[in-house]
Amino acid sequence: MRTNRLTLYTLVVLFAVTAAACGKKKAPLLAPTSAAEAEAPPPAAPPPTPAARVTEPPPVPTPAPIREDNLSANSSLDDLNRNSPLKPAFFALDSAEIDGPAKAVLDADATLLRQNRTWVVTVEGHCDERGTAEYNLALGERRAAAAIAYLKSLGIPAERLKTVSYGKEFPFDPGHDENAWKSNRRAHFVITAK
C-alpha cells in the first residue's frame, strides 16, 4: 500500500514537472543585422503640412474690472482661478508670435503679477483642433514659452513661471468654426501658488 502511494506521488510530481516544462515558450531568435543597418538612422517623417493662414487678428477680450475680493488672501486657489484676473493671450493661426493685442494682455497680466509677488503661475499653451496632436503639442509649448519670455522681459522672475502644453486637448470653445478656433489658440494662465 505504501509503495502504491509512493508510486502515485512520483507520477503526479513527474506529470507536474513535465507539464510545466512543456508550457514554456522559447523566445524567437532575431536575425543578425549588418553594421550598416544597425547604424542607419530611421527615415525622417515628412513635416506636417501647415493649415491655411488667417489674416485677421485674433480677438482680444476686454479685461473685466478686477474686484478686490478676487485677490483676497483668504480666497482659495480654485476661487482665484475661477474668477482669474489673469487673462489669456491669443495667437494667430499656426503662430507663437506675441502680437500687439497679446502684448497688451500680457502687460496687464505682468502688472498683476508684480502686485502679487507670491503668485506662481503655470502658462498653458493651447491650439485649435486642426493639425496633428504632436504638432499642436509642440505649437502649444512654443506659445507658452513665448508668453513666458515676454513676461520675463517685463521683469517677472522666471522661478514664478512654469509651462505646460495641452495642444488641442482642452478647447476653450468646443465649436468647429473659425470663431471657436480663434478662442482656442491661446496661452492660458493658472495660478498654482499664492
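Values computed for the structure shown
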| read-out | value |
| --- | --- |
| Candidates Ala104, Ala187, Ala146 - the one that is at pLDDT 95 or above, surrounded by 16 or more Cβ atoms within 10 Å (Cβ to Cβ) and not in a strand (DSSP E or B) | Ala146 |
| Matching residues, the range 148-161, being closer than 16 Å to Ala89 by Cβ and either among the aromatic types (Phe, Trp, Tyr) or out of contact with any helix residue (DSSP H, G or I) (no Cβ under 6 Å at 6 or more places or on another chain) (or both) | Ile148, Ala149, Tyr150, Ser153 |
| Positions within the range 132-147 being under 17 Å from Phe90 (Cα atoms) and touching a residue at least 40 places away in the same chain (Cβ under 8 Å), in sequence order | Leu139, Arg142, Arg143, Ala144, Ala145, Ala146, Ala147 |
| Whichever residue in the range 107-136 is small (Gly, Ala, Ser) and surrounded by 18 or more Cβ atoms within 10 Å (Cβ to Cβ) and, among such residues, is farthest from Arg160 (Cα to Cα) | Gly131 |
| Subset of the range 151-173 (residues that are in a helix (DSSP H, G or I) and either touching a His at 6+ places or on another chain (Cβ under 7 Å) or surrounded by fewer than 20 Cβ atoms within 10 Å (Cβ to Cβ) (or both)) | Lys152, Ser153, Ala158, Glu159, Arg160 |
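The values are calculated or read from the model by the stated rules, or taken from the named source; none is laboratory data. Everything numeric here is computed off the predicted structure, so don't read it as measured data. Cβ sites come from the backbone with ideal geometry, for glycine too, and all protein chains shown count toward neighbours.
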